[in-house]
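Okay, structure first, notes after.
The values are calculated or read from the model by the stated rules, or taken from the named source; none is laboratory data. Bear in mind that the values here come from a model prediction, so they are computed numbers and not experimental data. As a convention, Cβ positions derive from the backbone with ideal geometry for all residues, glycine included, and neighbour counts pool all protein chains shown. SASA here: full protein model, heavy atoms, side chains in, ligands and nucleic acids out. Shrake-Rupley method; radii C 1.70, N 1.55, O 1.52, S 1.80 Å.
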Amino acid sequence: MAEAQNIPVGSTTAGQIAVAAESTVATRMSAPPSFDVADFPVPHGREEEWRFTPLERLRGLHDGTAAATGDGLKVDVQAPEGVTVETVGRDDARLGKAGTPVDRVAAQAYSAFEKAGVITVPKETVLTEPIRIAVHGEGGTAFAHQVIELGAFAEAVVVIDHTGDAVLAANVDYILGDGAKLTVVSVQDWDDKAVHVAQHNALVGRDASFKSVVVTFGGDVVRLHPRVQYAGTGGEAELFGLYFTDAGQHQEHRLLVDHNTPHCKSNVVYKGALQGEGAHAVWIGDVLIEAKAEGTDTYEMNRNLVLTDGARVDSVPNLEIETGEIVGAGHASATGRFDDEQLFYLMARGIPAEEARRLVVRGFFAELVQQIGLDDIEERLLEKIDEELEASV
Amino acid sequence: MATLEIRDLHVTVEADNATKEILKGVDLTVKQGETHAIMGPNGSGKSTLAYSLAGHPKYTITGGTVLLDGEDVLEMSVDERARAGLFLAMQYPVEVPGVSVSNFLRTSATAIRGEAPKLRTWVKEVKEAMQRLNMDPSFAERNVNEGFSGGEKKRHEILQLELLKPKVAILDETDSGLDVDALRVVSEGVNRVRETGEVGTLLITHYTRILRYIKPDFVHVFSAGRIVESGGAELADKLENEGYEAYTKGGVSA
């Protein structure tokens, strides 16, 4: 797909590289980060961080009217031996160490949760089986906090599955000790009515590697905010995302990689397919290279494939560089569409229409899926993509 | 023996909120093993004929019949026509993002043949066909038509022709935009398929140049939406010397 070609009606592809003395990523937020919901005004929808989000569909998560309903959400954790799984109170010192809520819903989640989950992989423990967290909504409203901490040189894969129906606001902290390796796969496979707003904070230790794979298929509104900061030099972060936005769905992924430490790497690749009337995908990719972060190497990319009329993409990469002493920095965003001429071409070679669409979409995602590097996840994703396509035709 | 019969074909297209008739009664029979060249000036409707036969949704058939071995082609969807044995090598093949050539070819061959080709023999078959067309093996890993040069696109079309082995091949200005070397390679590919005697070829072209490489059995002059003169290969020589002027002035409105 050529850069910024074939942009369908109703999509915007904007991008900028700013060289600033002061961070515009920070200044264009309506309030500074805080754990207290009272520090954020109730958004009205025109704020930079809310302008793409349908506030009226957030079921009150943004204005204080959403109230937790006792048993609306079931969380089941399966962890291999050697891993500590705890449920702790609000005063536990390990909570909130990886990052601070940056918007009102994240602060609401932090202000309202009652119990938090803490999963700890001790130092030098290398897991051969993934930790699995099944989050199943049973129609309730919930505020949640989850911490996953890896000690120095520990290695783990965590798979978080979100299913069912829920209104959920959450913060998830990933803390990686020096030299640790963490892969987190977060699958949003919600029912059609679910609302899920979450901030993911990763704090990547010295020489540690963090890989985040965010997969969003379901929900009425899903708005995720994966953020990365580095606690030491030599850290690496890979943020992969895959979304399939159907008619009427709003799926928003806002990323921030804050290169606050020298000699760290980041690579962001998000790809989405959209189909149906009112399908809306939003991708905001903020990368900040602070003045002290010499030797930074970063790249971010967003690709969208629009399969039908009536879908809308807003894709905004934003790279902000405060030092010239870097290895590399780049970004790209492109939105293409699978159009009637492509369909005709494939059908003229004997390929039925449905199979033609499947071929194109699988092909579009294949490269990204291969980068995930986990066989059973790859297989599941491809199956899920096929399901999405079949459900739609 | 496979036969494509076009009878009194009328086709319209919607343009600028008006319906315009492009084909005004085309009659043509193409039999297996025969090569028909359709020549005509720009805007005479040659490409419309090609795309209408393949079933492009832009064109509306308002009259006439098209039969392939007695089967009603006009009732078939685009993919059904391809599976029935019609092949259109396009003048402007489109890019298909995310789909590699090798994946595309295999999916297509599976659809046309009705079963997936055996992987071992298939890989060999594709490799050899690509070699004959002077195509680098790395070509198979690129996305369909993405970033292809004009010559690469046409070779890729002929590669499909060789692999899919249709009953009737329609080549829509396959020669346009090719330099002499590429034209020769592409023509050799077409000739290999013709030499099997299994395919009827409808060669649509604006220029006589390609006919030096691909010798037609019949030449038809197309003007203002219909065939205005038919003859043997010698008709091409006449067009080479005299151009289309005689047809665009006199014959058209008559």
Would you please give the residues with an amide H less than 5 Å from that of A:Val167, counting only those at least 5 places away or on a separate chain, with H modeled from the backbone geometry? A:Gly140, A:Thr141, A:Ala142, A:Val195
Once you charge only the Cβ atoms, +1 for Lys and Arg and -1 for Asp and Glu, what is the size of the charge dipole of the protein assembly as shown about its Cα centre, to the nearest 20 debye? 1220
With a ≥ b ≥ c taken as the square roots of the eigenvalues of the C-alpha gyration tensor of the stretch B:1-98, please select rounded if a/c is under 1.5 and otherwise prolate if a/b is larger than b/c or oblate if it is not? rounded
For chain B, with a Gaussian network of springs between Cα atoms less than 10 Å apart, report the residue from B:Asp179, B:Asp79, B:Asp27 with the top mean-square fluctuation. B:Asp179
To the nearest 20 debye, what is the magnitude of the charge dipole of the stretch A:12-340 about its Cα centre, counting +1 on the Cβ of each Lys and Arg and -1 on the Cβ of each Asp and Glu? 100
Within 13 Å, Cβ to Cβ, of A:Asp297, how many net charges do the neighbouring residues add up to if Lys/Arg are +1 and Asp/Glu are -1? -4
Hey, what do the phi angles of the stretch A:215-225 turn into as Karplus ³J(HN,Hα) couplings, whole Hz, using 6.51/-1.76/1.60 and θ = phi - 60°, x for Gly and Pro? 10, 10, 10, x, x, 7, 10, 10, 9, 10, 9
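When each pair of different Cα atoms in the stretch A:260-393 is counted once in the 1/r mean, what is the Kirkwood radius in angstroms, to one decimal?
16.8
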Probe radius 1.4 Å, ligands and nucleic acids left out: which of B:Ile61, A:Ile131 has the largest accessible area, and how do the rest follow? B:Ile61, A:Ile131
GluC sites (Glu not before Pro) within the stretch A:57-127, DSSP loop, no more than 15 other Cβ atoms inside 10 Å: A:Glu81, A:Glu114, A:Glu124
Looking only at Cα atoms, what is the convex hull volume of chain B per residue, in Å³? 132
In sequence order, calculated HN-Hα J values of the stretch B:178-190 (Karplus, 6.51, -1.76, 1.60; Hz; x Gly/Pro): 9, 7, 4, 5, 5, 4, 5, 4, 5, 5, 4, x, 4
For the stretch A:110-123, in residue order, the Karplus 3J(HN,Hα) values (coefficients 6.51, -1.76, 1.60; θ = phi - 60°; whole Hz; Gly and Pro = x) are 5, 6, 10, 5, 9, 10, 10, x, 10, 10, 10, 10, x, 4
Compute for chain A: radius of gyration divided by Kirkwood radius, i.e. Rg/Rh, restricted to C-alpha atoms, rounded to two decimals. 0.95
Please give me, ordered by residue number, the GluC sites (Glu not before Pro) of the stretch A:233-301 that lie in loop per DSSP and have at most 13 other Cβ atoms within 10 Å. A:Glu277
How charged is the neighbourhood of B:Gln32? Take every other residue with its Cβ under 15 Å from the Cβ of B:Gln32, and add Lys/Arg as +1 and Asp/Glu as -1. -3
Which one of A:His200, A:His136, A:His162 has the biggest mean-square fluctuation once chain A is modelled by GNM with Cα springs under 10 Å? A:His136
So, counting K/R as plus one and D/E as minus one, what does the shell of residues with Cβ under 11 Å around A:Leu374 add up to? -2
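Ballpark to the nearest 100 Å², how much total accessible area do B and A bury together, probe 1.4 Å?
Answer for the B-A pair: about 2100 Å² buried.
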In Å, what Kirkwood hydrodynamic radius results for the stretch B:132-171 from the alpha-carbon pair distances? 11.0
Taking Cα centroids, how far is the stretch A:113-151 from the stretch B:48-80 in Å? 59
Which residue, A:Leu359, A:Leu255, A:Leu274, has the most motion in a Gaussian network model of chain A that connects Cα atoms within less than 10 Å? A:Leu359
In the stretch A:243-297, taking the dipole from +1 charges on Lys and Arg beta carbons and -1 charges on Asp and Glu beta carbons about the Cα centre, the listed residue (A:Val268, A:Gly248, A:Ala279) farthest towards the positive end is A:Val268
Once you've got the Cα coordinates, tell me which of B:Lys154/B:Lys215; A:Lys74/A:Lys193; A:Lys115/A:Lys384; A:Lys123/A:Lys384; A:Lys123/A:Lys292; B:Lys31/B:Lys238 are over 27 Å apart. A:Lys115/A:Lys384; A:Lys123/A:Lys384; A:Lys123/A:Lys292
